[in-house]
Amino acid sequence: MLDWQRFETQFPMMMSALRHAKRSGRMAHAYLVVTSNPDYRIAFPPLLSLLAACTSPAPDGSPCMKCETCRQLSSGIYPDAYTLAPTSKAREIVIGKDSDDIDTLRWFEGLFHLSSVTESGWKIGTIQEADTMNESAQNAFLKTLEEPPGKCLFILTTGRVSHLLPTIRSRCQTLALTDNKCSYRFPRSADLPGILAGLCDNPERSIMKAEDSARALIDIADSLYEAAEKEVAARWKNRIETAKNLENAGVKLLEKRIEGEIGSEYRRYREQFMSMIHAWFAQRALLASGIENSLLPNPEILDGGALPEKTSEEKAYKALAFAEDLLKAMRTNVNDELAIRTFCLKVTSKA
Ligand SMILES: [Zn+2]
């Protein structure tokens with residue numbers, strides 16, 4: 001069986017909403033799966049396909065896994081399921097010349113104009129890494145989304161939702177699959193939502209206020225290494241005591257191990273710090289585009305007035321794009337202070 005149960009456990013609200021949509025015949029014709037976890041981008045679209053196309057679903061709406069459609073879909077031989085993905089070389093999805101131009105948008109769309117050969121009659125198209133569609137491909141696909149052929153399900157996946165045209169986003173139902181529910185565990189993680197809310201709630205666009213937010217974020221980033229040292233020292237306290245009786249070589253070995261652990265603890269803290277910033281802005285953007293609060297993966301981190309009433313969708317997605325830039329900068333050895341200051345100024349600036 002596919003990962004149905006795993007997703008039920010991990011995203012109970014979302015899965016129950018989807019099952020309900022199936023029961024009441026109100027599934028969307030296009031879903032946008034937003035997640036930074038590449039495994040989910042692969043594993044989730046087949047489940048949505050099963051949900052949509054199963055011909056004898058269980059009373060709760062979940063797919064039976066027994067009908068012909070379910071069997072074909074779960075073994076990957078369903079004849080009317082197509083996937084479009086960026087080709088390995090260019091990492092881009094282009095519009096293409098015509099329907100014979102394989103792995104292009106025109107080719108993909110052409111498949112939906114043939115008649116269905118399946119029992120269920122459903123045609124299912126998945127666009128993996130939809131953000132790699134260039135702008136002309138996105139615009140072309142938009143037309144299909146606006147007037148979808150009957151009994152078609154489109155599933156788009158992305159890890160960089162801000163790279164999609166707002167018009168594409170608004171014509172899909174967004175499903176946000178984010179890990180780490182309630183598990184941000186780094187020093188002062190509880191302060192982070194308040195700091196980010198303060199950064200965004202700056203109608204006067206005061207540079208001073210942006211600098212305050214930057215300072216607060218830099219303080220947290222700076223404290224992570226020391227916190228990692230403390231954490232690891234506490235873990236090794238007893239061993240360090242006994243090591244005083246060891247020979248020199250033994251002590252050196254122990255020191256090396258501790259050093260390694262501090263490094264990995266620090267990287268973990270830092271990754272969580274970045275991931276929480278991203279989740280905060282991503283969820284704020286999803287809220288601004290109308291997704292229900294109950295469908296957010298980490299609503300708890302938005303507490304504290306994260307979404308001032310007037311945040312427009314456009315502004316929220318712009319801020320998310322800046323947050324994505326920040327993560328990229330912090331991962332490529334740009335000086336943290338500089339990256340954080342630049343980020344705070346961008347969020348604050350008018351443009
Ligand atoms: Zn079935």
(Q) Yes or no: the range 8-22 includes at least one residue that is within 19 Å of L296 (Cα to Cα) and outside any helix (DSSP H, G or I). (A) yes
Q.
Testing E271 on (1) buried (at least 20 other Cβ atoms within 10 Å of the Cβ); (2) of a type in the set (D, E); (3) under 23 Å from L302 (Cβ atoms), one condition comes back false. Which one is that?
A. (1)
Q. Under the condition of being open to solvent by 70 Å² or more (accessible area, probe 1.4 Å) and in contact with a helix residue (DSSP H, G or I) (Cβ under 9 Å, 6 or more places away or on another chain), which residue from the range 202-214 is modelled with the lowest pLDDT?
A. R205
Q) Within the bounds of the range 96-114, is there any residue that is within 12 Å of the ligand (Cβ to nearest atom), surrounded by 16 or more Cβ atoms within 10 Å (Cβ to Cβ), without any contact (Cβ under 8 Å) to a residue 40 or more places away in the chain and not in a loop (DSSP other than H, G, I, E, B)? A) no
**Q.** Residue within the range 139-150 that is open to solvent by less than 20 Å² (accessible area, probe 1.4 Å) and either among the polar types (S, T, N, Q) or without any contact (Cβ under 8 Å) to a residue 12 or more places away in the chain (or both) present
**A.** no
Q: For N293, state whether it is touching a Leu at 6+ places or on another chain (Cβ under 9 Å) and either over 16 Å from L192 (Cβ atoms) or touching a residue at least 40 places away in the same chain (Cβ under 8 Å) (or both).
A: yes
Q | Among residues of the range 44-63, those that are within 11 Å of the ligand (Cβ to nearest atom), closer than 26 Å to T178 by Cβ and in a loop (DSSP other than H, G, I, E, B), counted | A | 2
**Q.** A85 within 24 Å of the chain's Cα centre (by Cα) and within 16 Å of the ligand (Cβ to nearest atom)
**A.** no
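So, of the residues in the range 230-242 that are within 15 Å of R185 (Cα to Cα) and not aliphatic (A, V, I, L, M), which turns out to be surrounded by the most Cβ atoms within 10 Å (Cβ to Cβ)?
If we take residues in the range 230-242 being within 15 Å of R185 (Cα to Cα) and not aliphatic (A, V, I, L, M), then E231 is surrounded by the most Cβ atoms within 10 Å (Cβ to Cβ).
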**Q.** Considering residues of the range 122-138 that are open to solvent by less than 20 Å² (accessible area, probe 1.4 Å) and not aliphatic (A, V, I, L, M) only, the residue nearest to A43 (Cα to Cα)
**A.** T126
Q. Going by the conditions given, is L153 in the same structural domain as T35 (by TED's automatic domain parsing), in contact (Cβ under 8 Å) with a residue 40 or more places away in the chain and more than 16 Å from the ligand (Cβ to nearest atom)?
A. no
Q: Identify all residues within the range 151-181 that are under 17 Å from W280 (Cα atoms), open to solvent by 10 Å² or more (accessible area, probe 1.4 Å) and part of a strand (DSSP E or B); write none if there are none.
A: T174
Q.
Here are the criteria: (1) in a helix (DSSP H, G or I); (2) open to solvent by less than 70 Å² (accessible area, probe 1.4 Å). Tell me which single one Y225 does not satisfy.
A. (2)
Q: Pairs only if they're at least six apart or on different chains, beta carbon under 7 angstrom, first in the range 21-40 and in the same structural domain as I168 (by TED's automatic domain parsing), second acidic (D, E); list them, first residue then second.
A: N37/D179
Q | Hits in the range 9-28 - residues which are open to solvent by 20 Å² or more (accessible area, probe 1.4 Å), touching a helix residue (DSSP H, G or I) at 6+ places or on another chain (Cβ under 8 Å) and within 23 Å of G159 (Cβ to Cβ) | A | M13, A17, A28
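The values are calculated or read from the model by the stated rules, or taken from the named source; none is laboratory data. Nothing here was measured: the structure is a model prediction, and the numbers come from that model. In this analysis, Cβ positions are derived from the backbone assuming ideal geometry, glycine residues included, and neighbour counts consider all displayed protein chains. Remember, those area values only see protein heavy atoms, side chains included, never the ligands or the DNA or RNA. Shrake-Rupley method; radii C 1.70, N 1.55, O 1.52, S 1.80 Å.
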